[in-house]
Every structure is written in C-alpha cells, then in structure tokens.
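So the structure is just underneath, and the comments pick up after that.
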Amino acid sequence: MIRVGVVGKAALCGAVVARGVYEGARWRQGARWQRRNHAGRTVDLYAGPAAAAGTALALAVTPALPPRARAAGALAVLAAGACGAYDDFAGAGDPRRGFRAHLGALRRGEVTSGAVKLFGVGAAAVVAGAAVKERPLDKALAAVVIAGSAHLVNLLDVRPGRAAGAVLALSAPGLARRGVAAVAAVPMGAAAALIADDLAERTMLGDTGAHALGAGLGLAVVAGNGRAGLALHAAALVGTALAMDARNHLCE
C-alpha cells in the first residue's frame, strides 16, 4: 500500500506541475513560441518547458532516491531541457541533424546549437550518473544511459504524440521494480499530462521537452539496474543512435 501511494504521488506531482506550467504559459501567447509542425499546422512549444518542470520537480521530491541523487537527477533534467531549448530557438531553421553533422561543423570551427546540446546533455548526464552510482564504471555507464535516453526520445519526436507515447511505454516496466517504481512514474506523469494536446496538434514537446523527459526516463533506468543491465541499455542506446545517425546521413 505504501509503495503504491508513493508511486501515485510521484506521477501526480509530475502531471500536476507539467499541466499547470503548460496552462499558465498558454495565457502568454507569443509568436516566438510557435512553430510549424510536420503537417504545416501552427503549434506552440509550451509543452517543452512544462514537461521539464514537471519531471524535475517530481524527481526532486520523490523519496525513492537519496537526496543527493534526487538533486542531481532534477538538475540533469533541467539541464537537458535547457540545452534542448537552446537548440529549439538558436537552431531553428538549421537543417543539420545527427552527431556527424554537428561534430563535422565543430571540426571546421563552427559551434552549432546541436553541438552545444550534445555536450551540455552529456555533461549533465555525467553529473547525475556520478550521484546515483558509486563505482567508476557504473557511473560511466549511467551517464551513457541518461544521455542516450534523452537523445532517443528526441529522435522519436517527429510526429504528434510519438515521443510522449514512447516515454509512457518505456517507463511502464519500471513500475514493477521495487524501490524505484516512483522514479519511473515521474516522466510518465509529465508525459501523460501533455500527450492529449500533443496528439491534437495544439503543442509539441520540441527538443526542450523530449530531452527532459528522456533524461528522466534514463534516470529511472539507471536507478533500477545494476552493472549488467546498465551495460545492455547503454549498448542498445549507442547502437540505436549510431544507426539513426547513419540513416540521417544517407538521407541528406
């Protein structure tokens, strides 16, 4: 009964904060926060900061993690969201996608918003991984999982509801993990509060929300797995990222 209550509170906190921030932002409509989606419809970007705020605050208060891990996890989510926001605005209109394109530009002396996002999310993941795990190898694997999860969810944000739906689906198995179910419930709550408006094409997560939710998802994976599980998740995430990057390169 106690565990169910903690899990429900974690999900509810993420959902209430995310929905509250979203509804509050909608009162201050601005052209800067509008984009054309894949179908050419005008949508807002308010779901992004709403998802980041809901996930970060719910992580910060959940008793499922030690205080140090809670703080580092919340900061990692906010940092991932901030890096995504920078790319949403500074990188608007930049057609380059994937690691190869941004690292190639960096080698030529051009610092793209995508490169800033790549290294910023990576740095935040390193800090969070170090706070959650104790051994050096586990810390490194945790950083890969957190950063890789943020990147994966962002890659999926190409159609309405796809990224939020993926967070709901990928977080769900964590609800069965004793001790860390509340951590998995956090990004689920934030995603659930926003997915209806995302599907209705009123809003989009953008890089801000996708990276924040992905970082929260990654933190749940890290909290619920030992070294073997971390290694498997890290390998799967790196392999997926490389495959998607190669596909983007071929399509250019």
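The values are calculated or read from the model by the stated rules, or taken from the named source; none is laboratory data. Since the model is a prediction, treat every value here as computed from it, not as a measurement. Cβ: placed from backbone, ideal geometry, glycine included. Neighbour counts: every protein chain shown. Side chains are part of the model used for accessible areas, which takes the heavy atoms of the whole protein and leaves out ligands, DNA and RNA. Shrake-Rupley method; radii C 1.70, N 1.55, O 1.52, S 1.80 Å.
Below is a table of values for the structure above.
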read-out: Residue-level accessible surface for V238, protein heavy atoms, 1.4 Å, Å²; value: 70
read-out: Calculated P(r) tail over 14 Å for segment 182-233, as whole % of Cα pairs; value: 58
read-out: The chain, accessible surface, carbon-and-sulfur percent (1.4 angstrom probe); value: 64
read-out: Relative contact order (%) - the chain, alpha-carbon pairs under 8 angstrom, separation at least six; value: 30
read-out: Rel. contact order, % - alpha carbon contacts under 8 angstrom, at least six apart, segment 140-231; value: 46
read-out: Derived scalar couplings ³J(HN,Hα) [segment 78-89; Karplus, 6.51 cos²θ - 1.76 cosθ + 1.60; whole Hz; x for Gly, Pro]; value: 5, 5, 4, x, 5, 5, x, 5, 4, 6, 4, 9
read-out: CD proxy at 222 nm, helix term only [per DSSP H run n ≥ 4: -39500 (n - 2.57); per residue of the chain; nearest 500]; value: -25500 deg cm²/dmol
read-out: Ratio Rg/Rh [Cα only; Rh per Kirkwood] for segment 125-199; value: 1.03
read-out: Highest average packing first - 182-188, 208-214, 60-66, 146-152, Cβ atoms within 10 Å; value: 208-214, 182-188, 146-152, 60-66
read-out: Which label in (i) 189; (ii) 114; (iii) 126 gives the computed volume of the Cα convex hull per residue in Å³; value: (ii)
read-out: Spherically averaged projected area in nm², based on the convex hull that wraps the Cα atoms of segment 204-248; value: 3.7
read-out: Karplus 3J(HN,Hα) series, Hz, for segment 58-63 with 6.51 cos²θ - 1.76 cosθ + 1.60 (x for Gly, Pro); value: 5, 5, 5, 10, 6, x
read-out: For segment 203-217, 3J(HN,Hα) per residue [Karplus equation, 6.51 cos²θ - 1.76 cosθ + 1.60, θ = phi - 60°, Hz, x = Gly/Pro]; value: 8, 9, 5, x, 5, 4, x, 5, 5, 5, 4, x, 5, x, 4
read-out: Net charge contributed by nearby residues that have their C-beta within less than 14 Å of A231 (K/R +1, D/E -1); value: +3
read-out: Residue-normalised accessible area of the chain, expressed per residue, 1.4 Å probe, Å²; value: 46
read-out: Net charge contributed by nearby residues that have their C-beta within less than 15 Å of A143 (K/R +1, D/E -1); value: +2
read-out: Hull shadow area, averaged, segment 161-252 [alpha-carbon convex hull, nm²]; value: 6.7
